[in-house]
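Asker: If you scroll down you'll find the structure; I have some questions about it.
The values are calculated or read from the model by the stated rules, or taken from the named source; none is laboratory data. From a predicted model like this one, the values you see are computed outputs, not experimental measurements. Virtual Cβ from ideal backbone geometry, glycine too; neighbours counted across all protein chains shown. Ligands, DNA and RNA are stripped out before the accessible areas are found, and what is left, the full protein with its side chains, is counted by its heavy atoms. Shrake-Rupley method; radii C 1.70, N 1.55, O 1.52, S 1.80 Å.
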Amino acid sequence: MTNIDSMNDGVGTGEVSFRYLLPEEGRLVSEAIRVAYGDSYDARWVYDPAEVSARIAAGTYVSFVAESAAGALLCHEGMSLAAAGDAVGHSGQAVTMPAARGQHIFTRTKRHLMDWATERGLAGLYSEATAAHPYSQRANLELGAHETGFLLGWIPASVANDAAGERRPRRQSAALFYAKLNDGQERRVYAPERHHEIIGRTIELCELRGTLAEPPADAELSERTELHVEVDADHNLALITAKAPGADLEAVVAAERHHLFHNRCLDAVYLDLPLEDPATALVADHLERLGVSYAGVFPNSRTDGDVLRMQSLHRARISADDISVASDHGRELLDYVLADLPR
């Protein structure tokens, strides 16, 4: 298969070429993940070559690799889309093989993926980088991405990345990054008053094309909240999406949170509120009484535009000493997230 743009870069005394995988090559992703993570990677679908191939064929997964002149896999970087043709992608499943570490192969592989996405008109790429060490975060910063939040307790304690060094018995956190590729749609953003300043700074730094606005004077809340709950058994957590926040948001979130923590025994629950809905600015502050705190700005395919993501931890124990950051903005944002935790 012809390499992307027929580009070759020198690496040490050899050469590396970059290309995207064909549907029939899904096994390469599974093999790379197993080398780096063993059987501990928390997205189980990556271990099924047929599933990986099906996603590539459907256009909901794009897989870029770096290879040596002899054809050996050096690095892999994937991008998921909620549907083929989506405007924002989610990059992940990043693996650098042990023999290629220390040569910036990950950064260069992801840059090729970003160039590909830019040419196809994507507005941007989101990604989570482990906060157990700063290396992945530094790579994202080098590529022009910026932190939009911190997901406390996002990574299960069972995940063991051989690049992180020691095994860590506790759940670990993740830094959320956004890299702008093309101009998105201009829109109004309705943030709750308490988080106005941090959301405004995040929108400006990441160039998310949003303008903070006050809810219209005649804005009315619907009587009932429309919720969608997705339990991620691999992560032992749940994501609640308030597709349409209503006057009963606090009550329904409290009930769902209690069920997920005490009946399903989950470690953490995350709540997404649509920032383009004025209702978010009107009701989100009430959630503080439940012990739900700020996580950041995130995409969610179940809503229009970005969401305010909030988080509530139950069985997860988070220590600031376990969280690494790689930029001044990241430190400021992490300090805000930690300060907003319930006392």
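Asker: Does the range 186-196 include one or more residues that are at pLDDT 90 or above, more than 18 Å from GLU128 (Cα to Cα), basic (Lys, Arg) and open to solvent by 20 Å² or more (accessible area, probe 1.4 Å)? It would help to see each step written out before you state the result.
Answerer: Step one: of the range 186-196, the residues at pLDDT 90 or above are 188-196.
Imposing the further condition that a residue be more than 18 Å from GLU128 (Cα to Cα) reduces the set to 188-196.
Then drop every residue that is not basic (Lys, Arg), which leaves 188, 194.
Now restrict to residues that are open to solvent by 20 Å² or more (accessible area, probe 1.4 Å): 188, 194.
Yes: the range 186-196 contains one or more residues that are at pLDDT 90 or above, more than 18 Å from GLU128 (Cα to Cα), basic (Lys, Arg) and open to solvent by 20 Å² or more (accessible area, probe 1.4 Å).
Asker: Let me ask something else about it. Here is a check on your reading of the model: is GLU220 of a type outside the set (A, V, I, L, M) and either assigned to a loop (DSSP other than H, G, I, E, B) or over 24 Å from TRP154 (Cβ atoms) (or both)? Break it down into steps so the answer makes sense when it comes.
Answerer: On the way: of a type outside the set (A, V, I, L, M): yes; either assigned to a loop (DSSP other than H, G, I, E, B) or over 24 Å from TRP154 (Cβ atoms) (or both): yes.
It is true that GLU220 is of a type outside the set (A, V, I, L, M) and either assigned to a loop (DSSP other than H, G, I, E, B) or over 24 Å from TRP154 (Cβ atoms) (or both).
Asker: Continuing with the same structure: Which residues, taken from the range 215-253, are more than 30 Å from ALA43 (Cα to Cα) and among the acidic types (Asp, Glu)?
Answerer: If the condition is that a residue be more than 30 Å from ALA43 (Cα to Cα) and among the acidic types (Asp, Glu), then ASP218, GLU220, GLU223, ASP248, GLU250 are the ones that fit.
Asker: Now a separate question. Residues of the range 35-62 being over 19 Å from LEU73 (Cβ atoms), in a helix (DSSP H, G or I) and touching a residue at least 60 places away in the same chain (Cβ under 8 Å), which ones?
Answerer: Listed by number, the list holds a single entry, ARG44.
Asker: Between residues in the range 309-335 that are hydrophobic (A, V, I, L, M, F, W, C) and residues that are open to solvent by 10 Å² or more (accessible area, probe 1.4 Å) and in a helix (DSSP H, G or I), which pairs lie under 7 Å by C-beta distance while being six or more apart or on different chains?
Answerer: So the pair list comes out as ALA320/LEU338; VAL325/ARG331; ALA326/ARG138; ALA326/LEU141.
Asker: Next question. Just give me the residues in the range 288-299 being touching a strand residue (DSSP E or B) at 6+ places or on another chain (Cβ under 8 Å) and either among the acidic types (Asp, Glu) or in contact (Cβ under 8 Å) with a residue 60 or more places away in the chain (or both), in sequence order.
Answerer: Step one: list which residues in the range 288-299 are touching a strand residue (DSSP E or B) at 6+ places or on another chain (Cβ under 8 Å), which gives 290-299.
Within the range 288-299, TYR294, ALA295, GLY296, VAL297, PHE298, PRO299 qualify.
Asker: Another one. Would you check which residues across the range 108-133 are under 30 Å from SER319 (Cα atoms) and either more than 16 Å from the chain's Cα centre (by Cα) or open to solvent by 50 Å² or more (accessible area, probe 1.4 Å) (or both) and list them?
Answerer: Answer for the range 108-133, where residues must be under 30 Å from SER319 (Cα atoms) and either more than 16 Å from the chain's Cα centre (by Cα) or open to solvent by 50 Å² or more (accessible area, probe 1.4 Å) (or both): GLU128, HIS133.
Asker: Which helices (runs of 4 or more DSSP H) sit wholly inside the range 96-207 and have at least 1 residues that are of a type outside the set (D, E, K, R) and touching a Cys at 6+ places or on another chain (Cβ under 7 Å)? Full working, then the answer.
Answerer: On the way: elements: 105-119, 135-142, 196-206.
Ranges flagged: 105-119.
Asker: Under the condition of being over 23 Å from the mean Cα position of the chain (by Cα), loosely packed, with under 13 Cβ neighbours inside 10 Å and modelled with pLDDT under 90, which residue from the range 10-52 is farthest from PHE106 (Cα to Cα)?
Answerer: Residue satisfying both the conditions and the ranking: THR13.
Asker: Among (1) at pLDDT below 90; (2) of a type outside the set (Asp, Glu); (3) part of a helix (DSSP H, G or I); (4) under 25 Å from GLY124 (Cβ atoms), there is one condition ALA82 misses while meeting the rest; what is its number?
Answerer: Tallying (1) at pLDDT below 90; (2) of a type outside the set (Asp, Glu); (3) part of a helix (DSSP H, G or I); (4) under 25 Å from GLY124 (Cβ atoms), ALA82 fails exactly one: (3).
Asker: Given the options ALA87, ALA100, name the one that is open to solvent by 20 Å² or more (accessible area, probe 1.4 Å) and either touching a residue at least 12 places away in the same chain (Cβ under 8 Å) or farther than 30 Å from ARG209 by Cβ (or both). Spell out the reasoning first.
Answerer: Values: ALA100 fails: open to solvent by 20 Å² or more (accessible area, probe 1.4 Å).
None of the other options fit; the residue is ALA87.
Asker: Select, from ALA233, ALA219, the only residue that is more than 30 Å from LYS180 (Cα to Cα), at pLDDT below 95, open to solvent by 60 Å² or more (accessible area, probe 1.4 Å) and small (Gly, Ala, Ser).
Answerer: Working: ALA219 fails: open to solvent by 60 Å² or more (accessible area, probe 1.4 Å).
After applying the criteria, what remains is ALA233.
Asker: Considering only residues that are touching a His at 6+ places or on another chain (Cβ under 7 Å) and open to solvent by less than 50 Å² (accessible area, probe 1.4 Å), which ones fall in the range 205-216? Full working, then the answer.
Answerer: Our first condition is that a residue be touching a His at 6+ places or on another chain (Cβ under 7 Å); within the range 205-216, this holds for 205-206, 212.
Once the filter is applied, which keeps residues that are touching a His at 6+ places or on another chain (Cβ under 7 Å) and open to solvent by less than 50 Å² (accessible area, probe 1.4 Å), the range 205-216 yields only CYS206.
Asker: Related question: Of the conditions (1) in contact with a helix residue (DSSP H, G or I) (Cβ under 7 Å, 6 or more places away or on another chain); (2) modelled with pLDDT under 95, VAL253 clears all except one; give me its number.
Answerer: Against the list (1) in contact with a helix residue (DSSP H, G or I) (Cβ under 7 Å, 6 or more places away or on another chain); (2) modelled with pLDDT under 95, VAL253 comes up short only on (2).
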